[in-house]
Amino acid sequence: MNINATLFAQAIVFAILIWFTMKFIWPPIAKALDERALKISEGLAASEKAKTELAAANKRVEEELGKSRNESATRLADAERRAQAIIEEAKARASEEAAKIVAAARQEADQQVIKARESLREQVAALAVKGAEQILRKEVNAGVHADLLNRLKTEL
C-alpha cells in the first residue's frame with residue numbers, strides 16, 4: 001500500500017463526509033439552532049415587554065393606591081366633620097331641651113306659687129271669717145258676704 005494513495009483515499013472520504021454533513025446534517029442542525037435562537041430572542045423580548053408592563057402596572061397600582069389613600073383621607077375628614085356637626089347639633093338640641101325643661105319647671109313653679117298663694121289667701125280668709133265669727137259671736141254667711149270676702153282676698 002502506498003501512503004499517498006491512502007492519504008488521497010482518506011482525503012476523498014473526508015471530502016464526501018464534509019459534503020454529506022453539509023448537505024444532510026448541517027441544515028437541520030442550523031435550522032434547530034436558528035429556531036432556538038429565535039425562541040430565545042422572543043423570550044427575551046417577551047420578558048422585556050413583561051418588565052415594562054409590570055413597571056407600568058406597578059405605576060398604575062401606586063397611582064390607584066395614592067388616589068385611594070386621598071379618597072379615604074377625604075372620606076375620613078368628611079366623616080369627622082359630620083361627626084362634629086352631629087355633636088354640635090346634639091349639643092344645641094340638648095341645650096334647647098334643657099332650656100325648655102328649665103322654662104317648664106319655672107312655669108310649673110310659678111303656677112305652684114300662684115296656687116299656694118291662692119290656697120293661703122283662702123285659708124287666711126277662712127281664718128279671718130272664723131275669727132270674725134268668734135269676735136262677733138255670730139255666724140257670717142259666705143254667700144251673703146261673698147263680695148266682702150272677695151275684696152278681703154284681693155287685699156291679702
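In square angstrom, what is the accessible area per residue of segment 1-84 with a 1.4 angstrom probe? Mind dumping the intermediate values first?
Values: 7590 Å² over 84 residues.
Accessible area per residue: 90 Å².
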Can you compute the charge dipole magnitude of the chain about its Cα centre, using +1 on each Lys and Arg Cβ and -1 on each Asp and Glu Cβ, nothing else charged? Give it in debye, rounded to the nearest 20. 140
Just to confirm a number: summing +1 for Lys and Arg and -1 for Asp and Glu over residues other than residue 41 whose beta-carbon lies under 12 angstrom from that of residue 41, what do you get? -2
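Determine the gain in length on full extension of the stretch residue 121-residue 33; use 0.36 nm per residue of separation and subtract their C-alpha separation, reporting nm with one decimal. Walk me through the numbers before you get to the answer.
Numbers: separation 88, 0.36 × 88 = 31.68 nm, distance 12.68 nm.
Going from the current span to full extension adds 19.0 nm.
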Excluding residues fewer than 8 positions from residue 115 in its own chain, the lysines with Cα under 16 Å of it are 153
Run down the lysines and flag those whose C-alpha is under 30 Å from the C-alpha of residue 51, throwing out any fewer than 8 positions away in its chain. 31, 39, 59, 67
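Mean Kyte-Doolittle of at least 0.5 and a Cα length of 18 Å or more along the axis: which whole DSSP H helices of the chain meet both? Intermediate results must be reported in sequence, preceding the final value.
Values: long enough: 3-20 (25 Å, 2.04); 26-136 (158 Å, -0.51).
Correct list, ordered by number: 3-20.
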Label-point separation (nm) for residue 11 and residue 49, each offset 7 Å from Cα along Cα-to-Cβ? 5.4
Whichever aspartates and glutamates have a C-alpha closer than 14 Å to that of residue 130, once near sequence neighbours (fewer than 8 apart) are set aside: 122, 139
What nm distance separates the two modelled labels at residue 41 and residue 25, each placed 7 Å from Cα along Cα→Cβ? 2.7
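The values are calculated or read from the model by the stated rules, or taken from the named source; none is laboratory data. The structure displayed is predicted, hence computed values, not measured ones. FYI the Cβ positions are ideal-geometry reconstructions off the backbone, even for glycines, and counts take in every protein chain you see. With ligands, DNA and RNA removed, areas are computed over all heavy atoms of the protein, side chains included. Shrake-Rupley method; radii C 1.70, N 1.55, O 1.52, S 1.80 Å.
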